[in-house]
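One structure coming up, written as structure tokens, with questions to follow.
Read-outs: derived from the displayed coordinates by stated rules, not from any lab. What you see is a predicted model, and the numbers here were worked out from it, not measured in a lab.
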Amino acid sequence: MINQKSSQGELFQSKKFLFKSDAIHNELYMNRDLIENWQKKICYFQSKLFYNDYNKEEQYSLFSNSKHSRIESLSPLELTPLPLNFWKWSNPPHNGPAIYLVIDRTEKKKEHLLLYIGETISADKRWKGEHDCKTYLSHYCAALQKANIKAQLSIRFWIDVPKDTRSRRKLEQELIQKWLPPFNKETRNHWQTPFTSEVI
């Protein structure tokens with residue numbers, strides 16, 4: 001794991017992480033209360049998962065022979081946060097198979113939101129090209145800016161994952177069902193996510 005805590009604060013202040021998209025043709029009619037209430041609902045659900053560290057050793061022993069052992073071993077906040085444009089670095093910190101997580105942090109209460117979970121065979125290349133989540137993040141950041149809310153986006157890579165693509169995708173789906181990240185297609189309707197269409 002790469003330790004970049006010393007530079008973490010300044011990383012999240014840069015406007016470089018706010019994507020610009022040609023897909024946004026319309027004004028974003030989302031006020032601050034609407035966005036914060038949407039974030040609050042997700043935080044209420046996910047906070048139990050982010051901070052539920054009780055009896056971890058006992059959990060591992062209980063589930064050591066089941067699929068749950070790997071899922072329960074993931075602690076997103078222990079993974080190194082990287083800026084979303086990490087792939088532009090000359091030496092990206094991760095390569096090979098990974099599960100990746102896009103996380104924001106609320107401005108008021110500093111609570112974390114896991115917005116998206118994905119899997120890749122090549123962590124240093126997956127985020128370079130076209131990606132639906134990039135468009136959603138563009139809409140999300142544009143709405144936050146209009147409502148005068150700061151985004152603190154990061155991407156984190158979990159590399160302790162299967163090399164086999166089928167197994168890794170199965171793990172991805174299990175994590176999506178556990179965390180219900182709002183930008184994954186499987187869970188958008190659950191949160192009535194308003195940032196996943198061109199007209200908001």
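Can you give the convex hull volume of the alpha carbon atoms of the stretch 109-174 per residue, in Å³?
Given the Cα convex hull of the stretch 109-174, per-residue volume reads 113 Å³.
With the cut-off at 22 Å, tell me which of the pairs K48/K163; K40/K185; K150/K178 have Cα atoms farther apart than that.
The pairs that break the limit, which is 22 Å between Cα atoms, are K48/K163; K150/K178.
Here is a further query. Taking 0.36 nm per residue of separation and subtracting the Cα-Cα distance, what length does fully extending K146 through K185 add?
Extending this stretch completely gives an extra 11.5 nm.
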